[in-house]
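Student: Mind looking over this structure? Questions follow.
The values are calculated or read from the model by the stated rules, or taken from the named source; none is laboratory data. Just so we're clear, the structure is a prediction, and the values are computed from it rather than from any experiment. Cβ placement follows ideal geometry from the backbone for every residue including glycine, while neighbour counts extend to all protein chains displayed.
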Amino acid sequence: MLTRVFPLHFPTLVLTSQASGHAGPLGDVGWSLAWAVGLAALAVARLAATTRPAPAPVGPVPSGATTAAVRAPATGRPTAAADRPTPPADASLVAIRARPAIAVGDRSGLGGVGAVLRAGMREYRRNRLLWALLVGVPAVFIGLAIAVTVDEPGPVALVDGARRFTAMLSQRRMHAANMVPVTSAFLAGLAGLFIVTGSAGGDRRLVLAGLRPREVLAGRLGVIGAATVVTTAAAVTVSGAWYPPRQWVVFAGANLLIALTYAMVGVLVGPLTGRLGGLYLILLLAFIDVGLGQTVMFPGGPPAWGAFLPARGASRVLIDGAFTARFDQVGYLRLGLAWLAALTAATAVVYQRRTASRRS
């Protein structure tokens, strides 16, 4: 019932040769064409509105305005001093004193990091849509994924102390736990990607102004970390509202570890691929690694090739926290932390070279 309001509901039924039975007089093909034509018309209207030239200002000419400053002399002679606009009597009264966004006079490491962090948080705090997406996407994505999953039992391999066993759990419950890291990894990777690519020019200017590259990087990573915590908390909350994990702290920490790992992946791929290419690459990596390589919903458990991907260690910790009452995955926790440390170190090296190479 819920899927009927989406644009691809009827086209999907047409492609799979299934009759919906609720299309009415238009039929499945008719609704598919109506969605396509309606969305195309809306896109054209939106594009026309954004490319329309701005209207000319209407109203009386302000007092004291003169056209002499923009009119070229007809005879080609130099403009006389009398023709030039006269500045105000006291220019200091109209001068705008701009307060710099980041002060670079403080050479202490914490001062530079704090300045970059405050400026970054202030910039992204104004972008309410970004924070709405970080919270809204996990709620919608995870909630719909749980709602459409069949509530039938399935096997999952678990470890509880010295005992290894296979439990029969609801596939809906397993899907709820599995969708959290997929969503968190993708959104955290996008946060790292967009923040590092959007601030590239400003970061180079900050380095030229005197800040050290590691100070600027630490400030940017603080902003990325804040976005990662927000989206992970939203994803864990939505999943926990349906099926609470056995160990909340372990479950939330494992998801945060996966999200931070993919945030570093986003920072790394941003300078190499740009925003559009990086978006597709982050989506592909998060789906293959977390969604397929670490899922417990396959009959034989996670595939063997997933052991070579970044999310293997943290995913095993996540499963332990979701379905058992005791933490028994210390080795996998170390593996997840090692992946995060390695990617963070690679990020620092790439960022150092990227910014320091432009210094004069």
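Student: Restricting attention to region 125-158, which residues are over 27 Å from Leu190 (Cα atoms) and either of a type in the set (Gly, Ala, Ser) or surrounded by 15 or more Cβ atoms within 10 Å (Cβ to Cβ) (or both)? Give the derivation first.
Tutor: At the first step, the residues of region 125-158 found to be over 27 Å from Leu190 (Cα atoms) are 150-158.
Within region 125-158, Gly154, Pro155, Val156, Ala157, Leu158 qualify.
Yes or no, residue by residue, for (1) at pLDDT 65 or above; (2) among the hydroxyl-bearing types (Ser, Thr, Tyr):
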{"site": "Gly27", "(1), (2)": "yes, no"}
{"site": "Gly38", "(1), (2)": "yes, no"}
{"site": "Pro53", "(1), (2)": "yes, no"}
{"site": "Ala81", "(1), (2)": "no, no"}
{"site": "Ser92", "(1), (2)": "no, yes"}
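Student: Being modelled with pLDDT under 90 and either under 19 Å from Gly253 (Cβ atoms) or acidic (Asp, Glu) (or both) is the filter here; which residues of region 286-318 pass it?
Tutor: Gln294, Val296
Student: Among the numbered criteria (1) surrounded by fewer than 21 Cβ atoms within 10 Å (Cβ to Cβ); (2) more than 17 Å from the chain's Cα centre (by Cα); (3) not acidic (Asp, Glu), which one does Gly274 miss?
Tutor: Tallying (1) surrounded by fewer than 21 Cβ atoms within 10 Å (Cβ to Cβ); (2) more than 17 Å from the chain's Cα centre (by Cα); (3) not acidic (Asp, Glu), Gly274 fails exactly one: (2).
Student: Is it fair to say Phe308 is in contact (Cβ under 8 Å) with a residue 60 or more places away in the chain and among the aromatic types (Phe, Trp, Tyr)?
Tutor: Numbers: in contact (Cβ under 8 Å) with a residue 60 or more places away in the chain: no; among the aromatic types (Phe, Trp, Tyr): yes.
Criteria not met by Phe308.
Student: State all residues of region 1-57 that are of a type in the set (Gly, Ala, Ser) and under 22 Å from Leu144 (Cα atoms); if no residue qualifies, say none.
Tutor: The first filter runs over region 1-57 and keeps only residues of a type in the set (Gly, Ala, Ser), leaving 17, 19-21, 23-24, 27, 30, 32, 34, 36, 38, 40-41, 43, 45, 48-49, 54, 56.
Result: Ser20, single match.
Student: Considering only residues that are within 18 Å of Pro244 (Cα to Cα) and hydroxyl-bearing (Ser, Thr, Tyr), which ones fall in region 146-187?
Tutor: Thr149, Ser170, Thr183, Ser184
Student: How many residues are aromatic (Phe, Trp, Tyr) and under 30 Å from Pro271 (Cβ atoms) when one looks only at region 146-205?
Tutor: 2
Student: May I ask you to list the residues in region 165-179 that are modelled with pLDDT under 85, of a type in the set (A, V, I, L, M) and either closer than 16 Å to Ser239 by Cα or under 8 Å from the mean Cα position of the chain (by Cα) (or both)?
Tutor: Leu169, the sole residue that qualifies.
Student: Right, another one. Taking the options Val250, Val350, name whichever one is surrounded by fewer than 24 Cβ atoms within 10 Å (Cβ to Cβ), within 21 Å of the chain's Cα centre (by Cα) and assigned by TED's automatic domain parsing to the domain that holds Ala188.
Tutor: When all the criteria are applied, what remains is Val350.
Student: Only one residue in Pro245, Pro271 is in the same structural domain as Leu169 (by TED's automatic domain parsing), under 17 Å from His175 (Cα atoms) and touching a residue at least 24 places away in the same chain (Cβ under 8 Å). Which one?
Tutor: On the way: Pro271 fails: under 17 Å from His175 (Cα atoms).
None of the others qualify; the one that does is Pro245.
Student: Separate question: Would you check if Val182 is over 20 Å from the mean Cα position of the chain (by Cα) and at pLDDT 80 or above?
Tutor: Values: over 20 Å from the mean Cα position of the chain (by Cα): no; at pLDDT 80 or above: yes.
The answer is no for Val182.
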